[in-house]
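These notes concern the structure reproduced below.
A short reminder: the numbers here are calculations on the coordinates, not readings from a lab. Keep in mind the model is a prediction, meaning the values are calculated, not measured. Note that we place each Cβ from the backbone using ideal geometry, even for glycine, and neighbour counts take in every protein chain shown.
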Amino acid sequence: MAGVVSAPSGAFPPDAPGAGDFAIGSRVWPGVSKVLEEMGELAQVLGKLIAVAGSTSHWDGDLRGRVIEEAADVLAAVRFFAELNLDSQELRAFNVRVFAKIQKFHDWHRRPQAPKPDPEPIETPLPPAPSDDG
Ligand SMILES: [Mg+2]
């Protein structure tokens, strides 16, 4: 079953409060926690980049190297996650989608277009309001 693999023995300290599921070295979806951690670090440095209008000079130091590091960390974490949790057919589909998305993003970059409104907006029915008499 995808998402459940054997954890190496001694992966977690015996006094660890949790089972360590979702961490690198766990049996359950190993690497998920690392993906989230690295996404958070990339979000932090990109937030700083936006805060200084795209300059790499920030009160916290030069951001260019950190953007490179954290983007690479996210890529590595996602690749690790995919390699450990997907079977060979899923990994092939993953790689095909990555390639297709990169091509699509390059295409959008070459020919940027304003977003178009949805032809048919999706109606979201609201739940009925609670009644006072019930
Ligand atoms: Mg990092």
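Among the helices of the chain (complete DSSP H runs), which have Cα atoms covering no less than 27 Å along the helix axis and a Kyte-Doolittle mean of at least 0.0?
TM-like helix candidates: 32-51, 64-85.
What order do you get for R66, R110 when you list them from fewest to most C-beta neighbours inside 10 Å?
R110, R66
List every residue whose amide H lies under 5 Å from the amide H of V28, counting only residues 5 or more places away in sequence or on a different chain, with H placed 1.01 Å from N in the peptide plane.
V5, F22
Count neighbours as other Cβ atoms within 10 Å of each site's Cβ, and list the GluC sites (Glu not before Pro) in the stretch 75-134 that are DSSP loop with at most 16 such neighbours.
Counting only loop positions with at most 16 other Cβ atoms within 10 Å, the GluC sites (Glu not before Pro) in the stretch 75-134 are E123.
How do T124, T56 rank when sorted from fewest to most other Cβ atoms within 10 Å of their own Cβ?
The fewest-first ordering by Cβ neighbours comes to T124, T56.
For A100 and A16, compute 0.36 nm times the residue count separating them, minus their Cα-Cα distance, and round to one decimal in nm.
This chain segment gains 26.1 nm when fully extended.
With all distinct Cα pairs included, what does the Kirkwood hydrodynamic radius of the stretch 1-112 come out to in Å, to one decimal, could you say?
16.4 Å
Just the C-alpha atoms of the stretch 12-75: what Rg/Rh do they give, with Rh taken as the Kirkwood radius?
1.17
Based on DSSP H runs of at least 4 residues, each adding -39500 (n - 2.57), what is the mean residue ellipticity at 222 nm of the chain after dividing by all its residues, to the nearest 500 deg cm²/dmol?
-17000 deg cm²/dmol
Across every pair of different alpha-carbon atoms, what Kirkwood hydrodynamic radius in Å does the stretch 63-134 reach?
Result for the stretch 63-134, one decimal place: 17.1 Å.
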